[in-house]
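First the structure, in the form of structure tokens, and then the observations on it.
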Amino acid sequence: ETGVTQSPTHLIKTRGQQVTLRCSSQSGHNTVSWYQQALGQGPQFIFQYYREEENGRGNFPPRFSGLQFPNYSSELNVNALELDDSALYLCASSLRAGVMTDTQYFGPGTRLTVL
Amino acid sequence: DAKTTQPPSMDCAEGRAANLPCNHSTISGNEYVYWYRQIHSQGPQYIIHGLKNNETNEMASLIITEDRKSSTLILPHATLRDTAVYYCIVRVADTAAGNKLTFGGGTRVLVKP
């Protein structure tokens, strides 16, 4: 069974640029959630995708957007990068079956530095 | 989701049991208690979750009080590799009501030789 993978591991961008982060969900999982973790803080929920549609969003501006593909992998796109976007970006996958809550399993994260 | 309160840090001795408390006095009847841990600069690792009954798996045990207002995560034989930040999260058991994890400050656990 393959776990959650993310790419790239590290990334350095400059202010104003755009970035795309990628996530492959764990085998058999159909839901992907994205989190941002600033240094010294707990992860903050960005949004979740289920069946290729956004299903819940945290307090993040529209320049944070995402996609989920038919194979359940996902992308996080951030436009017009700001210095405060520097963080560890975490992807978590889960299997949603019915209405009961599902357990999210995290990938190793992508460390984004904005200069 | 209900708010949780955890001590900011605690030490424990290698080989001894580590008991991590969590207060969730405003928990609702349809909310689960989840525990994750995060080793430095890695993604959070799922440990265990429960609703009412005590739970045990290969990593830990979860003891939930009868009134469900608090819980304790027990690492039976702590090792140096258990040094991490441990997060207690209360989460509604209905995906239609939202499926996010809300992380608080967690407890920074240091296992000492």
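Just so you know, all these numbers are worked out from the coordinates, no wet-lab data involved. Computed from a predicted model, the values in this text were never measured in an experiment. With ideal geometry, Cβ positions are generated from the backbone for all residues, glycine too; neighbour counts draw on all protein chains shown.
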*For the stretch A:1-70, go through all pairs of different Cα atoms, get the mean of 1/r, take its inverse, and jot down that Kirkwood value in Å.*
13.6 Å
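Semi-axes of the equivalent ellipsoid for chain B, please: Cα gyration tensor eigenvalues, times 5, square-rooted, ordered largest first, whole Å.
Values: eigenvalues 110, 44, 29 Å².
Values for chain B, descending: 23, 15, 12 Å.
Please average, across the residues of B:45-56, the number of beta carbons from any other chain that are within 10 Å of each residue's own beta carbon, and give a whole number.
Values: counts 2, 6, 0, 1, 2, 0, 1, 0, 0, 0, 0, 0.
For this peptide, the per-residue mean of nearby foreign Cβ atoms is 1.
Taking the number of other C-beta atoms within 10 Å as the exposure measure, put A:D84, B:D82 in order starting with the fewest. Working shown, then result.
Values: A:D84 9, B:D82 19.
In order of increasing Cβ crowding within 10 Å: A:D84, B:D82.
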*Among the lysines in the protein assembly as shown, how many pairs, 8 or more places apart or on different chains, have alpha carbons under 22 Å apart?*
6
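In peptide A:40-47, how many Cβ atoms from other protein chains are near each Cβ within 10 Å, on average?
Values: counts 1, 3, 12, 9, 4, 6, 1, 1.
Per residue, the number of nearby Cβ atoms from other chains is 5 on average.
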*How do B:64-72, B:52-60, A:25-33 rank on mean C-beta neighbours within 10 Å, highest first?*
A:25-33, B:64-72, B:52-60
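Treat the protein assembly as shown as a sphere of radius equal to its Kirkwood radius over Cα pairs and apply Stokes-Einstein at 25 °C in a medium of 0.890 mPa s; give the translational diffusion coefficient in µm²/s, rounded to a whole number.
135 µm²/s
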*Between B:R16 and B:T65, with labels modelled 7 Å along Cα→Cβ, what's the label distance in nm to one decimal, could you check?*
2.3 nm
*Spin-label point model (7 Å from Cα, Cβ direction): what's the A:N59 to A:Q17 distance in nm?*
2.9 nm
*Ignore the peptide's own chain and count Cβ atoms of other chains within 10 Å of each Cβ in A:81-90; give me the average, rounded.*
1
